[in-house]
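Novice: Have a look at the structure that comes next, please.
The values are calculated or read from the model by the stated rules, or taken from the named source; none is laboratory data. What you see is a predicted model, and the numbers here were worked out from it, not measured in a lab. Counting neighbours? That spans all protein chains shown, and the Cβs are built from the backbone with ideal geometry, glycine included.
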Amino acid sequence: MRLVIEVWRQDTPQGPGRYETHTVDDATPEMSILELLDRLNDQLVENGLEPVAFESDCREGICGACGVTVDGNPHGPQRNTPSCHQRLAGYADGQRIRLEPLRSAAFPVIRDLVVDRSAMDRIIAAGGHVAIDAGTAPDANSLLVPHESAERALDMAACIGCGACVAACPNGAAHLFVGSKLTHLSLLPTGRQERGKRARAMLSEMEQDFGPCSLYGECARVCPAHIPLTAIAAVNKEGLRSFFRQKDD
Amino acid sequence: MASSQTAAGHPSRAMGSALPGADDAALELGRVRDARVRRAPRVPSWVLKVVMALSGVVFALYVLVHMIGNLKVFTGADHFNEYAHWLRTVLQPFLPYEGLLWVVRVVLLVCLVAHVGAAGVLWSRGRASRGTHRHQGLGLRNFTARTMLVTGVVLLGFVVFHVLDLTTGTGGAASTSFRAATLDQAYAYENLIASFQRPVAAAFYLLAMIALFLHLAHGLWAAVSDLGATGRRLRAVGYAVAGVLALAVMLGNIIIPISVLTGLLS
Ligand code: HEM
Ligand code: FES
């Protein structure tokens, strides 16, 4: 299968970037987007050209390192699937495919398809962790967590922090990401002790880089961890709660 | 990449960096820049969204009550005019003439300023955080969400016209036969019929009601989220109420100009 690839090239964070067109003649339907880039890079290197920079690590959908925008869709055209799992089966011989970085003012391009997602790290550093002395592991069954809470916390903890939700949002909002962390940590006994403090810290960090949520719902369509739109409501819920409670927990 | 900070003003260029122009010290930490998109805003966006939600819900309750009042037009001219007169004299002598109306007007005006002001700030923050590469190709997906600003501006235009037409009776907007309410009588019925007998006025009203439906259907659902509803059942109920209320307000209001134009009301 022959694919015509329009790929974003940008040498420096300052830009300017441009699209470059290349052709890969031996793409196969079972190839992933990243394998297509590997193939393209082999070709570029053979011809003495600079390969396209892009990020990946596990290539099995668990690390959150990958993420390119494919034909306008963060991660790719398949819903809720990371770039490393997006296959080319939907493309026909001779079709064009456009690859660009995850787009957001909060994610400056480092080079080509690699963006700087440290705005999300700053939110985690501000409060997306447990900062109390949790002591040693408690005896079994001494700290009971309702089954429902455990399930929900686990669902929300599935976020891999890839940043696709931000890139999918016309407002550049990070509510799905922040909401999943807030929900996950507020449901469990250790995390719960800093619930209010955490909400204030994470929201105030979030406000400096990310936009407001207008409930477009695009984030939940692309999220490879299937974080539901409910996470968005958790941002305001935790914000309101910490505002009226004015306590650390 | 050592000593990159010292090369006067152009840290990376001096050392033949792999990324000319980049801040090498920052890059070593995996960062391009430490600058934020904006400084911590005095009023955070999530608070502005709560303001939008609360003012929006006030509007929604108002248009619902207003629509129910409007439907009294089908109970006859006298009854409708009596209702309009009652609205002006209710709670007298505890409130002066038009006292309740003025309370409602002031509340609505405060909400309007807050709602429109917040909408503008949020819009510009959203654009700044998104950056220069806009999200394109959304198609009809989230049509109501994307048209909130457009439907909102239509509503703002309609509110101005509506007040000039049926409250103040200002020339240009109102029909030529407009009669203001007096201390002991209202002419709401005659004014309404005369206004809607002008096809352009009726058409604008129709357009505004469609805009109101779109704005409310998404707006009330957004308000459910913005007020922090995370429970599954609560969200399902909120979603349904948003749709039903938006539809009811639109249909209840639209039936009136249609009845006038078809001669059912005269
Ligand atoms: C008069 C001019 C108006 C403008 C310019 C306007 C604009 C907007 C905009 C842009 C939003 C979306 C904000 C966002 O999601 O970021 C919004 C939300 C909303 N609007 Fe309006 N609007 C207007 C009037 C109204 C009216 C008359 C009503 C009700 C009858 C209303 C009810 C709502 C509701 C319930 C929301 C949802 C609040 C939320 O996002 O939580 N608006 N409005
Ligand atoms: S490379 Fe790890 S999630 Fe895609």
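Novice: Return the residues of the stretch B:176-212 that are polar (S, T, N, Q) and not in a helix (DSSP H, G or I); say none if nothing qualifies.
Specialist: Hits for the stretch B:176-212 are B:T176, B:S177, B:T182, B:Q185, B:Q197.
Novice: Test B:S175 against the stated conditions and say whether it is closer than 28 Å to A:P170 by Cα and more than 11 Å from ligand 1 (Cβ to nearest atom).
Specialist: No; evaluated as a whole, the condition is false for this residue.
Novice: Give the residues of the stretch B:101-149 that are at the interface with chain A (Cβ under 10 Å from one of its Cβ atoms) and among the β-branched types (V, I, T), sorted by residue number.
Specialist: Answer for the stretch B:101-149, where residues must be at the interface with chain A (Cβ under 10 Å from one of its Cβ atoms) and among the β-branched types (V, I, T): B:V121, B:T132, B:T144.
Novice: Same structure again: So which residues in the stretch B:139-160 are in contact with a Pro (Cβ under 9 Å, 6 or more places away or on another chain) and not in a helix (DSSP H, G or I)?
Specialist: Across the stretch B:139-160, the qualifying residue is only B:N142.
Novice: Here's another thing I want to ask about it. So which helices (runs of 4 or more DSSP H) stay within the stretch A:169-249 end to end and still have 1 or more residues that are assigned by TED's automatic domain parsing to the domain that holds A:E151 and aliphatic (A, V, I, L, M)?
Specialist: The qualifying helices (runs of 4 or more DSSP H) are A:175-186, A:195-209, A:218-222, A:230-245.
Novice: Then there's this: Working only within the stretch B:210-231, note down all residues that are away from chain A (no Cβ under 11 Å) and more than 11 Å from ligand 1 (Cβ to nearest atom).
Specialist: B:I210
Novice: So is B:L234 surrounded by fewer than 19 Cβ atoms within 10 Å (Cβ to Cβ), within 16 Å of ligand 1 (Cβ to nearest atom) and within 14 Å of another protein chain (Cβ to nearest Cβ) or not?
Specialist: yes
Novice: Further question on the same structure: Part of a loop (DSSP other than H, G, I, E, B), touching a helix residue (DSSP H, G or I) at 6+ places or on another chain (Cβ under 6 Å) and among the aromatic types (F, W, Y): is that true of A:F54 in this structure?
Specialist: Against the criterion (part of a loop (DSSP other than H, G, I, E, B), touching a helix residue (DSSP H, G or I) at 6+ places or on another chain (Cβ under 6 Å) and among the aromatic types (F, W, Y)), A:F54 qualifies.
Novice: Also, quick follow-up: Return the total of residues in the stretch B:65-94 being closer than 22 Å to B:C111 by Cα and surrounded by fewer than 16 Cβ atoms within 10 Å (Cβ to Cβ).
Specialist: 4
Novice: Let me ask something additional. Within the group A:R122, A:R103, A:R152, A:R98, which residue is part of a strand (DSSP E or B), touching a residue at least 24 places away in the same chain (Cβ under 8 Å) and of a type in the set (D, E, K, R)?
Specialist: Exactly one of A:R122, A:R103, A:R152, A:R98 is part of a strand (DSSP E or B), touching a residue at least 24 places away in the same chain (Cβ under 8 Å) and of a type in the set (D, E, K, R), namely A:R98.
Novice: Would you say A:A119 is within 14 Å of another protein chain (Cβ to nearest Cβ) and either surrounded by 23 or more Cβ atoms within 10 Å (Cβ to Cβ) or under 25 Å from A:E205 (Cα atoms) (or both)?
Specialist: yes
Novice: Any chance you could count how many residues in the stretch B:106-130 are in contact (Cβ under 8 Å) with a residue 12 or more places away in the chain and small (G, A, S)?
Specialist: 5
Novice: Hey, B:V50 hits all of (1) away from every other protein chain (no Cβ under 14 Å); (2) in contact (Cβ under 8 Å) with a residue 24 or more places away in the chain but one; which does it fall short on?
Specialist: (1) is the only condition that B:V50 fails.
Novice: So which residues in the stretch A:224-249 are touching a His at 6+ places or on another chain (Cβ under 9 Å) and farther than 21 Å from B:A223 by Cα, if there are any at all?
Specialist: A:P224
Novice: Just to be sure, is B:L95 in a loop (DSSP other than H, G, I, E, B), at pLDDT 90 or above and more than 14 Å from chain A (Cβ to nearest Cβ)?
Specialist: Yes.
Residues checked against (1) on the phi > 0 side of the Ramachandran plot; (2) within 14 Å of chain A (Cβ to nearest Cβ); (3) modelled with pLDDT under 90:
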site	(1), (2), (3)
B:T151	no, yes, no
B:L155	no, no, no
B:G171	no, no, yes
B:F178	no, no, no
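Novice: Of the numbered conditions (1) farther than 15 Å from A:M156 by Cα; (2) at pLDDT 95 or above, A:T183 fails exactly one; give the number of that condition.
Specialist: The number of the failed condition is (1).
Novice: If we keep just the residues of the stretch A:220-249 that are of a type in the set (G, A, S) and within 13 Å of another protein chain (Cβ to nearest Cβ), which is nearest to ligand 1 (Cβ to nearest atom)?
Specialist: A:A233
Novice: Looking only at residues in the stretch A:56-74 that are hydrophobic (A, V, I, L, M, F, W, C) and closer than 15 Å to A:L88 by Cα, which one is nearest to ligand 2 (Cβ to nearest atom)?
Specialist: The selected residue is A:V68.
Novice: Another question, if that's okay. For the stretch A:57-80, how many residues meet the condition of being on the phi < 0 side of the Ramachandran plot and away from chain B (no Cβ under 12 Å)?
Specialist: Within the stretch A:57-80, residues that are on the phi < 0 side of the Ramachandran plot and away from chain B (no Cβ under 12 Å) number 8.
Novice: In addition: Does A:R39 satisfy being touching a residue at least 60 places away in the same chain (Cβ under 8 Å), among the basic types (K, R) and at negative phi?
Specialist: no
Novice: Just to be sure I understand the filter: pairs with C-beta atoms under 9 Å, separated by 6 or more residues or on different chains, first member in the stretch B:53-77 and under 20 Å from B:W102 (Cα atoms) and in the same structural domain as B:H218 (by TED's automatic domain parsing), second member polar (S, T, N, Q) and in a helix (DSSP H, G or I). Which pairs pass?
Specialist: If the second residue must be polar (S, T, N, Q) and in a helix (DSSP H, G or I), the pairs left are B:V63/B:N253; B:H66/B:N253; B:M67/B:N253; B:N70/B:N253.
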